[in-house]
1. Mind listing whichever residues of the range 88-104 are outside any loop (DSSP other than H, G, I, E, B), more than 8 Å from the chain's Cα centre (by Cα) and either at pLDDT 95 or above or crowded, with 24+ Cβ neighbours inside 10 Å (or both)?
2. In the range 124-162, what residues are touching a strand residue (DSSP E or B) at 6+ places or on another chain (Cβ under 8 Å), open to solvent by 20 Å² or more (accessible area, probe 1.4 Å) and either among the hydrophobic types (A, V, I, L, M, F, W, C) or without any contact (Cβ under 8 Å) to a residue 24 or more places away in the chain (or both)?
3. Is there any pair with a first residue in the range 167-194 that is farther than 14 Å from PHE144 by Cα and a second that is among the small types (Gly, Ala, Ser) and open to solvent by 40 Å² or more (accessible area, probe 1.4 Å) whose Cβ atoms are under 9 Å apart and which are 6 or more apart or on different chains, and what are they?
4. Take the range 105-123 and flag every residue that is open to solvent by 10 Å² or more (accessible area, probe 1.4 Å), assigned to a strand (DSSP E or B) and in contact with a Phe, Trp or Tyr (Cβ under 8 Å, 6 or more places away or on another chain).
5. In the range 39-68, what residues are assigned to a strand (DSSP E or B) and touching a residue at least 24 places away in the same chain (Cβ under 8 Å)?
6. Restricting the range 24-36 to residues that are of a type outside the set (A, V, I, L, M) and exposed (fewer than 10 other Cβ atoms within 10 Å of the Cβ), which is nearest to THR128 (Cα to Cα)?
7. Within the range 163-182, can you find the residues that are of a type in the set (Ser, Thr, Tyr) and open to solvent by 10 Å² or more (accessible area, probe 1.4 Å)?
Amino acid sequence: SRWPPPGTASGSGVAPQSTITCPAGAVNIFPGSSIQGFVNQYPGATTFCLRSGVYYLTGSITPKTGNVFVGEYGAVLDGTGWATSDRTQAAFRGQNQDIDYVTIRNLVIRNMPQRGIHFYAYMSDHWTVEYNELGNNKDVGIHFGPYSVIKNNYIHHNSFAGYYGDPADYSTLENNEIAYNGHDQKIGESANVT
């Protein structure tokens, strides 16, 4: 591994935290299960608890509006073995679909063949991405859309860029550690980004 284990990379309160737990009533998902299968089975606005362990992905997870994904400390989404040339592919993906108010919290997302998280193209908005580690992804750590909240993440060693917000109107990036990424971090075609 190119970096310390989850939660040890920084003492600044970023990345997954052992104090973050899954909320009562969340649907439990265990390593070896199809996360997308669970998303398909339940309605939007369902909260999922990804239990500790490594989930090897071979395709993107497409959430439904209002879904919440919380990782038990030590939950890792790993793209090792997944190959694609489609730059919009990611562990979590909202591409040309109206998928809003998604929350992704307390996960390690690593080794994706393109992006860690991708929601873009004026349709998916109001996502919250917090206390995650997005590292060693081939293209971009996170490509986010309008009205996003990106906070307390450790975004590092992503080959092309740590983040893209394009367009990302009214989004907030707060208390992230962003280091050792490719050269092209940017916010573009956006207004009122903090």
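The values are calculated or read from the model by the stated rules, or taken from the named source; none is laboratory data. None of the values given here were measured: they were computed from a predicted structure. Neighbour counts run over all protein chains shown; Cβ positions are idealised from the backbone, glycine included. For the accessible areas, the whole protein counts, side chains as well, though only heavy atoms, and no ligand, DNA or RNA atoms are used. Shrake-Rupley method; radii C 1.70, N 1.55, O 1.52, S 1.80 Å.
1. Those that are outside any loop (DSSP other than H, G, I, E, B), more than 8 Å from the chain's Cα centre (by Cα) and either at pLDDT 95 or above or crowded, with 24+ Cβ neighbours inside 10 Å (or both): ALA90, ARG93, GLY94, THR103.
2. VAL149, PHE160
3. That search, which allows pairs on different chains as well, returns ASN175/SER12; GLU177/SER12; ASN181/SER159; GLY182/SER159.
4. Across the range 105-123, the qualifying residues are ARG105, TYR120.
5. Result: THR47, CYS49, LEU50, VAL54, TYR55, TYR56, ILE61, VAL68.
6. Per the criteria, the residue is GLY25.
7. Result: TYR163, TYR164, TYR170, THR172, TYR180.
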